[in-house]
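Please treat every number below as a calculation from the coordinates, not as lab data. Here the structure is a predicted model, which means the values were calculated and not measured. Methodologically, a virtual Cβ is constructed for each residue, glycine included, from the backbone with ideal geometry; neighbour enumeration extends over all protein chains shown.
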Amino acid sequence: MPKKQFDVLNTRAPRVDAAIKATGQAQYADDLNRTGQLYGAILQSPLAHAKIISIDTSRAERLPGVKAVITAKDVGLTPYGVSPARYDETLFASERVRYIGDEIAAVAATDLATARQALELIKVEYEELPVVLTMDDAVADNAPQLHDDYPGNISAEVHQEFGDVAAAFKECDFIHTHSLTNKRQDGGFIEPHACVAEYDHDGRLTLYTSTQVAHYVQRTVAMVTGIPIGRVRIVRPCVGGGFGPKCEATPLEMSASFLAIKTGCPVKLTYSREQVFLHSRARHQFFHEMTTGFKKDGTIMALDHTCRLDGGAYSSFGIATVYYAGSLLGAPYRLPNMKYDGTRIYTNKPACGAQRGHGGVAARACFEQQLDIIAEELKIDPIKLRMMNMMETGDTTCNALDMSSLGMKECVEAVKKSSKWQKKKGKLPDGKGIGMACGFFVSGAGYPIYRSDTFHSTAEIKVAEDGGTVILRSGIAEIGQGADTMVAMITAETLGIPLSDVRVDSGDTDYSVDLGAYSSRQTLMSGHATKDAAENVKAQILEVVADKLNMDVKNLDFKNGFVKVKGRKKLDFAKFRDYYRKEHRGWPNLPEGDELSFTEAARMAYLEKGTIVGTGKYKPPILGGKFKGAAVGTSPAYGGSAQVVEVTVDRATGKITVDDMTDAHDCGLAINKTMVEGQMQGSLSMGLGEALFEEVKFDEKGALMTPSLGEYRIATALDMPNIDTLIIESGEPNGPFGAKEVGEGAIMPTIPAILNAVYDATGVRITELPLTPERVLLALKEAGKNA
Amino acid sequence: MIMQKFDYQAPADLKEACQIMANYGDKAKLLAGGTDLLIALKKNRISPSQVVALDQVDEIKGLWSDDDGIYLGARTTAAEIADSDFGAAGQALAEAAAQVGSPLVRNLATVGGNLVTAMPAADMAPPLLVMQAGVVLEKLGDNREIALDDFFVGPGEQVMLPEEIMSLIFLPELPSGSGSAFEKLGVRKALERSIVSVAALITLADDGKTIQEARIALGAVAPTPMLAATAGAGLCGKKATKKNFSAAAKTTAQEARPRGLRTSAVYSRLMVEQLTMRALTRAYAAASR
């Protein structure tokens, strides 16, 4: 479709929070302090699997300065979790601990040192149980069982078939099987979880917390504490990154809440970096095996896919993860037959959950390598093979995902051209390689995590009584990605006013319902709700203007802060201008010139109707298939991306250097080009880290061996090559102004593009991540290709 | 992260610092750059009653030289060393200093701290070992100089008495025709503990081809940074050829004592061989300049 002209959108407007973050004024949860505040600490299990025989808190309670000690006896055993289908956690363990870090008790004291000291005085008697740390051990006969309700240590299972894979294989000229294993990852966000809970005399709980999902935290905290949901308010201060692991209510938040209720004092709790790793809820370890059948002309016919996920001790997001690991292979290539068997397995380690590219990253890494293997077998350029099988706008996948817009071909063409693929592929010197891969991702989950007809996002816009400022109130989660700026820009564009006239108050469950920052949903969903609210406000104001100045409302609009008139009739507002100037005598910046300003128009509307408030809302239409699990992967829109990566492999040491990355992403429409590029850069950095460095490790007793960002290595600025970011805008019919996701889809191609480049450089396929020098050298030696 | 309480002392000179250390001994900890000490304090691995800051002790800062060699104040930062010119003979030291931690860490971390913490992977230890550095240890009314080769005892352990302060690192004047190089293998380009590090130093005879003297030192492949003495000695009197370097690299790999903690011992030895070859080749190039 022809591209619309925008005044605010599609620019490089500075972020609305740039100044406070650049100057250090931004307040994060741990920066907050309340009068009379207590400090909390949580007692965590030192054993990976044990029965609790007894808990004695009496000495801790007697320690001067200690105000409360709570255990399961005090807070009860309300089961909770992420999906109501798997509520397999309680705040504190009462009979059994299932990983090193499982919560047993919490303490509030007048200072942190006293709280910590009190933890040491809590006496817990354990009876050690045998530990299972690997998936093989967990599913073995007679393996120790983690949960009575989930025999065989099976946390979740998925069995799906679309089309007829066995029949399709019979028609194939080639069938190829390939596998890939990644390692447990961590989000590596800068700000550890922190919160402050307050409980007032009216029985209202306010929780200030570093979260991606204030809405779900509100529900879970209400459910576990037993406080009516309307009396629980979640406030999200500035958040220093989330990437998925902050997508659920934490023991930190619930402990702080209970301690505040018990003491009547505000209570602050902050995770150490080690506790962030112990809470985890980050990327699972996946074992993928994929058998792909294709014809000699390159047509992909069928995929038979099995996957095992190491879930850790609890479910967290795991049910969604195991579904996503299968469903996200339905696109962007035409794949008529797909069979998927996925199993998530419990082990005595911290629980895994959602992380950027939820469930799909390792699967994509395996599948995109397989496409390269097929291309090599058929002697077709890997880009050509992908283009032959690529879906287009309007296609629907075998698992009923509707590609309402898909700029994948444009993405591939863009990276091919910009990376000078044709000059390089097959022509680089020894030890240097080039690889490519594609990926796609949802623009918001089509359904909430719990079954509900709720709107996914609502918004409220109020115009200040003088008409000069538009205030957007929204529950959205600004977690560093730029959500506040996104909704501010949509508000300004919709209303036809400058961005500087919009103020965003966000991240408070009092403001609106918003499901939060996960599944790359906010630009599409919260963007829609914001646009809806802004249109409502605009209509209210223009109606008054039309009425007062005797115009047809259809001929009126706002642009750049002024009323625009269509047609020949002139706007006669001289009387109102005089009136406005008299009423605001002595004020600075009174309106002048021959156009009626938005400020005057909004004032006119206020004088007529009182405070102008507009609301907006969004929920997706009914989407997707009817089969079990169809909700996971279903989205109103899908973003797509393609990448080309160049690497150098040192054949003598196995060390890989990523020299160059080219990334194209179809985000529908770039609301803010700089922020879109930022998401692309960040995704590539995370993908590069997962490919080359990152692994959360445990010893043979289940103790964390990588408890810091010194041991757990994420990519540094120096490890990142220059990235050529190319924005593709396909115009999404279901997105606000045509926009859709960029936050997660951009990570999808990174790992397989690196793996394909390493193969190009060395002729060796490596099936286990991360690509540490030792692992790479070993693979090269096995193939006789080391130096 | 909460630290135990301690008194903070900021002596004005070395003598006062020695007095404090004499008074408190192992109850006191010295604060130079703090890049290791603060982590240990925050994690409650240590709980000294006194933290003795050395930032006002000017005698142990900076670089100077005389006819005997170069004096490096123990309080000199990695950034200052990375930016210094030690000539072809000392380039390994500047190279190693430039790879300590990150720019922020290098602005704080000191050469003395890098040695005193006695980590097997200490970046600056291998080049200082091949340069035959000595360290000066001060205590109230007394000091001693010992060879760096005799300094390390085990992971995190060295020969210093609780009341001693490392004041200087002495680098004896190296003969002309000397060149050195440092090689580090890690997975990241910054904030990286070595998988293996190697420093090599070669002194060429007047003919420019015969190796008069050679030393090779290793990091991260033994309980302490170590000299590969046999390999180094084996090169003396030989020609600087690829073949001889290759034989020396093999010997070096055998001398390494990797414990197989972060990478397998087999891989560590292979990397010792590779990096030694590279370090010798570059040291030779530097010596030939």
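In terms of other Cβ atoms within 10 Å, B:Arg259, A:Arg585, A:Arg281 run from fewest to most in the order A:Arg585, B:Arg259, A:Arg281.
Computed on the stretch B:7-53, with alpha-carbon pairs under 8 angstrom and 6+ residues apart, the relative contact order is 58 percent. The mean sequence distance of close C-alpha pairs (under 8 Å, at least 6 residues apart), as a share of the length of chain A, puts its relative contact order at 16 percent.
Neighbours of A:Gly616 by Cβ distance under 10 Å: Lys/Arg scored +1, Asp/Glu scored -1, total -1. The mean count of C-beta atoms from other chains within 10 Å of the C-beta of residues in A:711-720, rounded to a whole number, is 4. Among A:Cys307, A:Cys411, sorting on how many other beta-carbon atoms sit within 10 Å of each Cβ, with the fewest leading, yields A:Cys307, A:Cys411. For the peptides A:337-349, A:492-504, residues were scored by their other Cβ atoms within 10 Å and the scores averaged per peptide; the highest-first order is A:337-349, A:492-504. Each residue of the stretch A:195-209 was assigned a 3J(HN,Hα) from its phi angle through the Karplus expression (A = 6.51, B = -1.76, C = 1.60, θ = phi - 60°), giving 7, 10, 10, 10, 10, 9, 5, 8, x, 9, 9, 10, 10, 8, 8 Hz with x at Gly and Pro.
Among the listed pairs A:Lys4/A:Lys564; B:Lys29/B:Lys139; A:Lys538/A:Lys619; B:Lys184/B:Lys250; A:Lys432/A:Lys673, those whose Cα-Cα separation exceeds 23 Å are A:Lys432/A:Lys673. Against the main long axis of the alpha-carbon atoms of chain B, helix B:242-255 sits at an angle near 40°. Across peptide A:652-658, the mean count of Cβ atoms from other chains lying within 10 Å of each residue's own Cβ comes to 4.
Reported to the nearest whole Å, the Cα centre-to-centre distance from the stretch A:123-137 to the stretch B:74-134 is 45.
Per residue of peptide B:188-196, the mean number of Cβ atoms on other chains within 10 Å of the residue Cβ is 5. Measuring nothing but how far apart in sequence close Cα pairs (under 8 Å, 6+ apart) lie, relative to its length, the stretch B:1-117 scores a relative contact order of 26 percent. Where is the GNM fluctuation largest for chain B (alpha-carbon springs, 10 angstrom cutoff): B:Ile169, B:Ile146, B:Ile216? Ranking B:Ile169, B:Ile146, B:Ile216 by mean-square fluctuation puts B:Ile146 first.
Residues A:Ser404, B:Ser268, ranked from the fewest to the most other C-beta atoms within 10 Å, line up as A:Ser404, B:Ser268.
Only helices at least 30 Å long along their own axis, judged from Cα atoms, and with Kyte-Doolittle mean hydropathy of -1.0 or greater: name those in chain A from DSSP H.
Counting only whole DSSP H runs, the qualifying helices are A:522-548.
Between A:Asp141 and A:Asp56, full extension at 0.36 nm per residue minus the direct alpha carbon distance yields a gain of 27.0 nm. Dimensions of the protein assembly as shown from C-alpha coordinates, computed as largest minus smallest value along each principal axis and given longest first, are 102, 76, 72 Å. Along the stretch B:60-67 the Karplus relation, 6.51 cos²θ - 1.76 cosθ + 1.60 evaluated at θ = phi - 60°, assigns HN-Hα couplings of 10, 10, x, 10, 8, 8, 9, 5 Hz to successive residues, with x for each Gly and Pro. DSSP bridge analysis restricted to chain A gives an antiparallel fraction near 75%, rounded to the nearest 5.
For chain B, the longest principal axis of the alpha carbon atoms and the long axis of helix B:14-24 meet at an angle near 70°.
Derived from the Cα gyration tensor, the three semi-axes of the equivalent ellipsoid of the stretch B:7-53 are 19, 12, 7 Å, largest first. Applying a DSSP loop filter and a limit of 12 other Cβ atoms within 10 Å to the GluC sites (Glu not before Pro) in the stretch B:156-194 leaves nothing. Annotation for the stretch A:621-686: trypsin sites (Lys or Arg not before Pro) lying in DSSP loop with at most 14 further Cβ atoms inside 10 Å of their Cβ are A:Lys626, A:Lys628. Of the chymotrypsin sites (Phe, Trp or Tyr not before Pro) found in the stretch A:568-653, those in coil by DSSP whose Cβ has at most 12 other Cβ atoms within 10 Å are A:Phe627. The C-alpha atoms of chain B define a longest principal axis, and helix B:265-287 lies at about 80 degrees to it. Distance between the 7 Å Cα→Cβ label points at B:Lys239 and A:Ala546: 9.7 nm.
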